[in-house]
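The next block holds one structure in the form of structure tokens; read it before the comments.
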Amino acid sequence: MISIDPTKNSERDNYKLLIGSIIPRPIAFVTTQSEDGIVNGAPFSYFNIVSSNPPMVSLAIQRPTEHLKDTARNIYNTKQFVVHIVDDENVAKINETAASLPATESEIELANLTLVPSEDVSVPGVNEAKVRMECRLVQAIPLGGDGPGSDLFIGEIVRFHMDEKIYEDGRIDPRGLNAISRLAGSSYAKVGEIFSIERPK
């Protein structure tokens, strides 16, 4: 077994260890809106469930310089965002939104995605996702000081939207959703073999 002290590593080395070992990671495609009305869209794999009562998700957005990414800045300003689950049918378009664009340009237009209005937040979602969640910001935690680091956002889901083809009796069909997960580098994974293990009583 190799023992590594992260304080002796560079940020890049720690990053590679994290993304190579914490796999597969779910991918959130997040839409936000600037104060000028520009709808921003970007994918993030530092994303997961926080709570079911109330329903909450977490989203960590890297801050490679002292400047916030558009998504983080918009969430701080509007306190709202929409999370979409990336699946096998939308992953190619979502990948296009990872391009670095000026804040005055919309990744939604670049990827030719279709905006749909939300019901409980002002930020629109996109029609190409089988699952989308309207979120209101509950807590924002800057990590790493004012320089490079990240910003951790916890959002409460105020509205779920599910494609009727994958939803039945309160459950989502994992094969129907066919969510895509992130591995390391440019590698992704689909849902593979599904098996069950009963929890001990």
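FYI, it's all coordinate maths here, none of it is from the lab. This structure is a prediction, so every number in the text was calculated from the model and none was measured. Positions of Cβ are backbone-derived with ideal geometry, glycine not excepted, and every protein chain shown enters the neighbour counts.
Between M162 and N77, take the C-beta separation as r, use R0 = 25 Å, and let me know the FRET efficiency to the nearest 0.05.
Details: r = 29 Å, r/R0 = 1.14.
With R0 = 25 Å, the Cβ-Cβ based efficiency is 0.30.
So if I place +1 on the C-beta of Lys and Arg and -1 on the C-beta of Asp and Glu, and nothing else carries charge, what would the dipole magnitude of the range 1-70 be about its Cα centre? I want it in debye, nearest 20. Could the numbers behind the result be given before it?
Numbers: 6 positive and 7 negative charges, 65 e Å.
The dipole of the range 1-70 has a size of about 300 debye.
Using a simple charge model, +1 on the beta-carbon of Lys and Arg, -1 on the beta-carbon of Asp and Glu, nothing else, what dipole does the chain show about its Cα centre, in debye to the nearest 20? Walk me through the intermediate numbers first.
On the way: 20 positive and 28 negative charges, 136 e Å.
Result for the chain is approximately 660 debye, rounded to the nearest 20.
Using alpha carbons only, how many angstrom separate the centre of the range 98-176 from the centre of the range 10-89?
9
Could you derive backbone 3J(HN,Hα) for the range 126-131 from the dihedral phi with the Karplus parameters 6.51, -1.76 and 1.60 (θ = phi - 60°), listing whole Hz in sequence and x where the residue is Gly or Pro?
10, 6, 6, 9, 7, 9
From the Cα gyration tensor of the range 105-148, with a ≥ b ≥ c the square roots of its eigenvalues, which class applies: rounded if a/c is under 1.5, or else prolate if a/b is larger than b/c, or else oblate? Could the numbers behind the result be given before it?
On the way: a/c = 2.87, a/b = 1.58, b/c = 1.82.
Oblate.
Kirkwood Rh, Cα Rg: Rg to Rh for the range 24-185?
On the way: Rg = 14.9 Å, Rh = 15.9 Å.
Reported Rg/Rh (Cα atoms, Kirkwood Rh): 0.94.
Which order do the peptides 40-47, 98-105 come out in when sorted by mean C-beta neighbours inside 10 angstrom, highest first?
On the way: 40-47: 22.0, 98-105: 11.4.
In decreasing order of mean packing, 40-47, 98-105 become 40-47, 98-105.
Considering only G144, F44, V126, whose Cα is most displaced toward the positive end of the charge dipole of the range 24-185, charges sitting on Cβ of Lys, Arg (+1) and Asp, Glu (-1)?
Comparing the listed Cα positions along the dipole, G144 ranks first.
Among the listed pairs K16/K69; K130/K190; K93/K130; K79/K165; K69/K190, give every one whose C-alpha distance is greater than 24 Å.
On the way: K16/K69 21 Å; K130/K190 15 Å; K93/K130 14 Å; K79/K165 31 Å; K69/K190 28 Å.
Cα-Cα > 24 Å for K79/K165; K69/K190; rest within.
Summing +1 for each Lys or Arg and -1 for each Asp or Glu, what net charge is found among the other residues whose Cβ lies under 12 Å from the Cβ of I85? Before the final figure, lay out the partial values.
On the way: positive: K130, R132; negative: D87, D88, E89, E128, D163.
It works out to a net charge of -3.
Could you work out how far apart the two model spin labels at N14 and L183 are, taking each label as a point 7 Å from the Cα in the direction of the beta carbon, and quote it in nm?
2.6
Counting Lys and Arg as +1 and Asp and Glu as -1, what is the net charge of the other residues whose Cβ lies under 14 Å from the Cβ of V191? The partial results should precede the final answer.
Working: positive: R25, K130, R175, R182, K190; negative: D87, D88, E89, D173, E193.
Neighbour charge sum, excluding V191 itself: 0.
Which value at 222 nm does the chain reach when only helices count, each DSSP H run of 4 or more adding -39,500 (n - 2.57), with the total divided by all residues and rounded to the nearest 500 deg cm²/dmol?
-4000 deg cm²/dmol
Label-point separation (nm) for F195 and V138, each offset 7 Å from Cα along Cα-to-Cβ?
3.4
When 1/r is averaged over all different Cα pairs and the result inverted, which Kirkwood radius in Å belongs to the range 1-85?
On the way: mean 1/r = 0.0673 Å⁻¹.
Mean inverse Cα-Cα distance, inverted, gives 14.9 Å.
Less than 13 Å Cβ to Cβ from G125, Lys/Arg counted +1 and Asp/Glu -1: what total charge do the surrounding residues give?
Summing Lys/Arg as +1 and Asp/Glu as -1 gives -2.
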